[in-house]
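Asker: My questions all concern the structure below.
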Amino acid sequence: MKVLVKVLLIILVLGLVLATAGFFMGMNIVELETFFDDDDSYGEQLVLTIDDELDQLIIDAETRHINLTVTTETSMTIKYYKHDRDTFTFPDNGLGTYELVQKERFEFFSFVRFKTVSKDRLTIEIEMPNTWLLDLEFSTNVGQIKLDHESVVTYKNLDLDSNTGSIYVKNVAIDSFKGDVDTGAITLMDATVVEDVIAESSTGSIVISDVDADNFGLSTSTGSIQLSNLSAKNIDAEVSTGRITASAINLTDELILSTSTGDIILSDFVAVSISLSTSTGEMRVTVSALNLYNFDLKTSTGKVYVDGDNQGNRHTTSSGTVDLDATASTGDIRIIVQG
């Protein structure tokens, strides 16, 4: 690791030396910007036109952002830029399916070229007729996937995957949602989902707001989960290192929130049963009335507070109709009565 850091420092110093030498040789700021700009190597924008209505669109990119918008036109267009290192292929998947695959030839010392590329050169732009109803399967190794609509757009299923990059979806009506990222955030807003919402992130936050679905299955290793204004049967949200915040939750069955290291903050919720757990972190649960719940609250290293009163490290009641279990290894549990 130390050797790699030294190599990178040498490369950085070399770049500064070359830039300084360029100034002494008469290079101006504009020329310097051009020297570091690699946009021209991507050539002119290429445009694909698909006239026949599709059932499925598959985009498999290695180093591209994917951005989808809708149009009142009757044909779909796909716009992109192609570098000499790029290979674009179009596998034949049969009637009703269109697939685009982008690969980039690896060059070992490409990172030392000090070249930058503007985002538009690295983006596959898709303009889809607003009357088409299809499955979307988008994946990218390095890049963002974005479906940001001003009004509701209907699809069948969304299956989105980014290794290094975020997923952002807003204003959709869909059958199901699956989002998977290694390093990046997942955001789903203003959505109606007939079946399940599945979102998984290794390093990054998950934000879900204003969504109706059947079930939610959410997990992230390092990052927070933020939930607001959700309706479903069940929610199961799990974090290894990070906070879970949930509010305005309306469920017909079970709410499960768990984190290894992080706080859990819950308010304004309806569910048949609630299960909360954290190894290292504090819990703050705001309720409208204490007599609605059967509490089973316990902490190993910490205190249980109910409406401000210290209950020690364990508190149970059996007067309500809704089970609320909360377990903390290291941290306080606070039940707050809404004023």
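Where a number appears in this text, it was derived from the coordinates with a stated rule and is not lab data. Remember, predicted model here, so these are calculated numbers, not experimental data. FYI the Cβ positions are ideal-geometry reconstructions off the backbone, even for glycines, and counts take in every protein chain you see.
Asker: If amide hydrogens are placed 1.01 Å from N in the peptide plane, which non-local residues have theirs closer than 5 Å to the one on Ala61?
Answerer: Answer set, sorted by chain and number: Gln102, Ser139, Thr140, Asn141.
Asker: Counting only DSSP beta bridges with both residues in the chain, tell me the antiparallel percent, nearest 5.
Answerer: 10
Asker: Give me the net charge for the shell around Leu122: Cβ to Cβ below 12 angstrom, other residues only, Lys and Arg +1, Asp and Glu -1.
Answerer: -3
Asker: Follow-up. Would you mind checking the pairs Lys178/Lys298; Lys119/Lys146; Lys146/Lys233 and listing those with alpha carbons more than 25 angstrom apart?
Answerer: Lys178/Lys298; Lys146/Lys233
Asker: Here's something else I'd like to know. For Lys156, list the aspartates and glutamates whose Cα falls under 13 Å from its own Cα; do not include residues on the same chain fewer than 8 positions away.
Answerer: Cα-Cα hits under 13 Å: Asp55, Asp135, Glu137, Asp175, Glu195, Asp196.
Asker: Can I ask one more? Which whole-Hz couplings ³J(HN,Hα) result when phi for each residue of the range 247-262 is put into the Karplus expression 6.51 cos²θ - 1.76 cosθ + 1.60, θ = phi - 60°, listed in order with x for Gly and Pro?
Answerer: For the range 247-262, the Karplus curve yields 8, 6, 10, 10, 10, 9, 9, 10, 10, 10, 10, 9, 8, 7, 10, x Hz.
Asker: Spelling out what I want: for every residue of the range 154-165, take phi, set θ = phi - 60°, compute 6.51 cos²θ - 1.76 cosθ + 1.60 (Karplus), and round to whole Hz; glycine and proline get x.
Answerer: Couplings: 9, 10, 7, 10, 10, 10, 10, 9, 9, 6, 10, x Hz.
Asker: At 7 Å along the Cα-to-beta-carbon direction for both Asn163 and Thr222, put a label point, then send me their distance in nm to one decimal.
Answerer: Taking the two extended label points, one gets 1.8 nm.
Asker: Of the labelled options [x] 30, 26, 22; [y] 41, 24, 17; [z] 46, 29, 15, which one gives semi-axes √(5λ) of the Cα gyration tensor in Å as computed for this structure?
Answerer: For semi-axes √(5λ) of the Cα gyration tensor in Å, the calculated option is [z].
Asker: How high is the relative contact order of the range 97-225, given as a whole-number percent (alpha carbon pairs under 8 Å, six or more residues apart)?
Answerer: Dividing the mean separation by the residue count of the range 97-225 yields 15 percent.
Asker: Just need the relative contact order of the chain here, percent rounded to a whole number, with Cα pairs under 8 Å and 6+ apart.
Answerer: 9
Asker: Could you give me the ³J(HN,Hα) list for the range 130-138, computed from phi with Karplus coefficients 6.51, -1.76, 1.60 and θ = phi - 60°, whole Hz, x at Gly and Pro?
Answerer: Ordered by residue, 3J(HN,Hα) equals 6, 9, 7, 10, 8, 7, 10, 10, 10 Hz.
Asker: Run lengths n ≥ 4 of DSSP H only: what is the helix-derived mean residue ellipticity at 222 nm for the chain, with -39500 (n - 2.57) per run over all residues, to the nearest 500? Don't skip to the answer; put the middle values down first.
Answerer: On the way: 2 runs with 31 residues, N = 339.
Mean residue ellipticity, 222 nm, calculated: -3000 deg cm²/dmol.
Asker: Can you list the residues, at least 5 places off or on another chain, whose amide H is less than 5 Å from the amide H of Asp332, using H built in the peptide plane?
Answerer: Met283, Lys303
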